[in-house]
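See structure below.
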């Protein structure tokens, strides 16, 4: 018995000693940093081992961000002792070749190459710098032509080129982390040379998924979001007539079910004017809109309100949000929403707004979901005083990347012109789907109405771009390249960026960002933060999310306790230095803030409130989150958040 007890005590002592050692360990610091630790990303098929050199190991979740605690070389191969956190929670040994060093949480997303040069990736910075210096020279044209033709010689400085097709990161997730950068000039435009690593999911997985997608027919969803306030009956009826015409055409062509229609109606905040009955209501979902009879029955239940709203604005964004989030867009390859209204929309800072979303945040939410927003703005005489402001608002809302603004203003709200535009829009979208994937873009027939011709041209380009995205899902694999250099602007059109910059966040991290930013704003509004401390809190938050989102909640005084912000600890420089992209708040000084007029300060605070609302909407939309382990959506699922949406 005593012998067994001694063995048990010895085992406990060993376990306790191992725990003490683990707790005493700290990750390795990045070179030249006092507070930032070395981190790596795991590549697909990476394994964690008990000891360096072990043949067996546990498969690691792709793109896991791990802290490096120790480096060891064994038989010429480097191994890393890694942990899930910086507090000694060790996960095992990882072969360095199965990882990528990642000094910040930033990644790039390739823009659609339509209308611009595809991105070249070069072996080293010197080769890229030479091309930048002679951007318009023969060498760039020669290398670009060789890359496009797939005829690069073995000693060429270019090692890869962006795929010809647009890669939709929502459907085919890929990661291109930014490892290093250097500022430069491309003509008169400031540009950045980026050292990147490309880590796509296995090509076989993506190809199989794309093949599965191509076995079904290409489909489109078209949802009308219509103003149902006072005196809108004739526009509601004309919308109904336009859809029924399209149903007839689709039925005659045997294409029913390939273009599905939905309808959402909105008024204004029903809490402020109870006689309005509802703020936003879905009358027809896309699933119901497969059947013309169901669509007709449901739309016949809709009528304009019989009482007035509070003022000349309506809560259009409530209707749009419902269309974006509540329609059931799955299975629809092309996605369109058409807003029909005679009034401006309530912005997120309007006391009567029920969404809290501003124009920029709502446009981003639509783009996150792959939805193109059209606006048919009825410029009725009754709303004349609001026409200019509403037009500017809706032009910004309907701006689609690479296409332009999908806005059409109907003078005097003319019902005949409205009907003609609606017939053209719905008919053109339906015809594109019916013509099939191989259809080439066509110039629309000349119209007596040049504004309608312009809109038709944009619809044609948009439809073609969406069809090409769908067709190129198989081809559209980001190249598997490590440690390449690229430029973030188009060589031939320097004013155009070739990539978007994103921050890879988990769902839990986005939730933390939402809660912390709200707490910072609330604390500031309560007068508990001085202007300087308020700016420091925002800088600390912005730097943390860009550098190391795992540390959210530990680097702001508001959440961690007085004196624990990055600024107070003297680490803000560590976090900001070396970041290739930083938001407005990072460079904002107390002097700048105090020199701002009150109106600009208020606008800045309102934009933060609208971002908070956007975070909540994004968090709740589970369709957008990517589970790297192929499991259900959880707190560890990820999303590449646009840099513009950071505090």
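The values are calculated or read from the model by the stated rules, or taken from the named source; none is laboratory data. In this text, all values refer to a predicted model and were calculated from it rather than measured experimentally. For neighbour counting, all protein chains shown are included, and Cβ atoms are generated from backbone atoms with ideal geometry for every residue, glycine included.
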Per the filter on the range 487-510, residues within 19 Å of residue 173 (Cα to Cα) and not in a helix (DSSP H, G or I) are 498, 499, 500, 501, 502, 503, 504, 505, 506
Test of understanding: among 521, 535, which residue is in the same structural domain as residue 596 (by TED's automatic domain parsing), within 18 Å of residue 574 (Cα to Cα), at pLDDT 85 or above and in a helix (DSSP H, G or I)? 535
Can you give me the ranges of the strands (runs of 3 or more DSSP E) entirely in the range 79-166 with at least 1 residues that are touching a helix residue (DSSP H, G or I) at 6+ places or on another chain (Cβ under 7 Å) and buried (at least 20 other Cβ atoms within 10 Å of the Cβ)? 106-110, 120-122, 158-161
Working only within the range 381-410, note down all residues that are surrounded by 13 or more Cβ atoms within 10 Å (Cβ to Cβ) and not in a helix (DSSP H, G or I). 398, 399, 400, 402, 403, 404, 405, 406, 407, 408, 409, 410
Does residue 506 satisfy the criteria of being under 17 Å from residue 585 (Cβ atoms) and surrounded by fewer than 22 Cβ atoms within 10 Å (Cβ to Cβ)? no
Subset of the range 621-633 [touching a residue at least 60 places away in the same chain (Cβ under 8 Å) and out of contact with any strand residue (DSSP E or B) (no Cβ under 9 Å at 6 or more places or on another chain)]: 621, 623, 629
Taking the condition part of a helix (DSSP H, G or I) and in contact with a strand residue (DSSP E or B) (Cβ under 7 Å, 6 or more places away or on another chain), does residue 336 pass? no
Residue, modelled with the lowest pLDDT, within the range 417-439, restricted to residues that are over 26 Å from residue 317 (Cα atoms) and part of a helix (DSSP H, G or I): 435
So residue 55 clears everything in (1) in the same structural domain as residue 165 (by TED's automatic domain parsing); (2) out of contact with any helix residue (DSSP H, G or I) (no Cβ under 7 Å at 6 or more places or on another chain); (3) without any contact (Cβ under 8 Å) to a residue 12 or more places away in the chain except one condition, right? Which one? (1)
Picking from 602, 612, 576, the residue that is surrounded by 15 or more Cβ atoms within 10 Å (Cβ to Cβ) and either touching a strand residue (DSSP E or B) at 6+ places or on another chain (Cβ under 6 Å) or free of Cβ contacts under 8 Å to residues at least 60 places away in the same chain (or both) would be 576
Only one of (1) at pLDDT 90 or above; (2) over 16 Å from residue 428 (Cβ atoms); (3) touching a helix residue (DSSP H, G or I) at 6+ places or on another chain (Cβ under 6 Å) is not met by residue 257, so which one is it? (1)
